[in-house]
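Encoded as structure tokens, the structure appears first; notes follow it.
The values are calculated or read from the model by the stated rules, or taken from the named source; none is laboratory data. Please read all numbers here as calculations on a predicted model, not as lab measurements. In this analysis, Cβ positions are derived from the backbone assuming ideal geometry, glycine residues included, and neighbour counts consider all displayed protein chains.
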Amino acid sequence: MARSVPVHLQIAAIGVDSGLMDLGLRKDGTMEVPPAGFPAGWYTESPTPGEIGPAIIAGHIDWKGPAVFYHLRNLKRGDKITVTRKDGSKPVFRVTQVAQYAKDQFPTKLVYGNIDRAGLRLITCGGSFNSQSGHYEDNIVAFADLVAPPR
């Protein structure tokens, strides 16, 4: 598929129906995160959903209450994810795995590294909340592959 900016994300299995904002890099080289609990955001340095490679979408688990990816950890293998792109196409992805990683052992290459197919990675926080740091100890990552051509 040609490059086209993703604008909307739907995951019926966990009740996600969200617009998408653009996310870039912070000055320290880490990926930006959305400034609030909604919407989720697409990392602009990654492929667009439907292109070869891992498209990255990040969102918060909570933000003064449940946020866009509050139920991400509940996704199951086979659940469908639909991304609407600016060109009107809607590639459909199927979840292949959901994993939890300690932030200090995050598998950067596995999540962000090149792959030979159109893939999708959804990322949020998870695990225990550290009240001293104000952050969760882990990340939840849902991995998905393109299963239906865009319509």
Given the criteria surrounded by 14 or more Cβ atoms within 10 Å (Cβ to Cβ) and more than 27 Å from N130 (Cα to Cα), does L23 qualify?
no
Scan the range 11-20 for residues that are in a strand (DSSP E or B) and either buried (at least 16 other Cβ atoms within 10 Å of the Cβ) or of a type in the set (V, I, T) (or both) and jot them down.
I11, V16, S18, L20
For N139, which of the numbered conditions (1) on the phi > 0 side of the Ramachandran plot; (2) assigned to a strand (DSSP E or B) fails to hold?
(1)
Report, ordered by the first and then the second residue, all pairs with beta carbons closer than 6 Å, sequence separation of six or more or different chains, a first member in the range 1-24 that is over 16 Å from R121 (Cα atoms) and of a type outside the set (K, R), and a second member that is surrounded by fewer than 17 Cβ atoms within 10 Å (Cβ to Cβ) and at pLDDT 95 or above.
S4/K86; S4/D87; D17/Q10; G19/H8
Being over 12 Å from the mean Cα position of the chain (by Cα) and of a type in the set (S, T, N, Q) is the filter here, so list the residues in the range 14-43 that pass it.
T30
Entirely in the range 26-134, the strands (runs of 3 or more DSSP E) that have 1 or more residues that are free of Cβ contacts under 8 Å to residues at least 12 places away in the same chain and exposed (fewer than 14 other Cβ atoms within 10 Å of the Cβ):
118-130
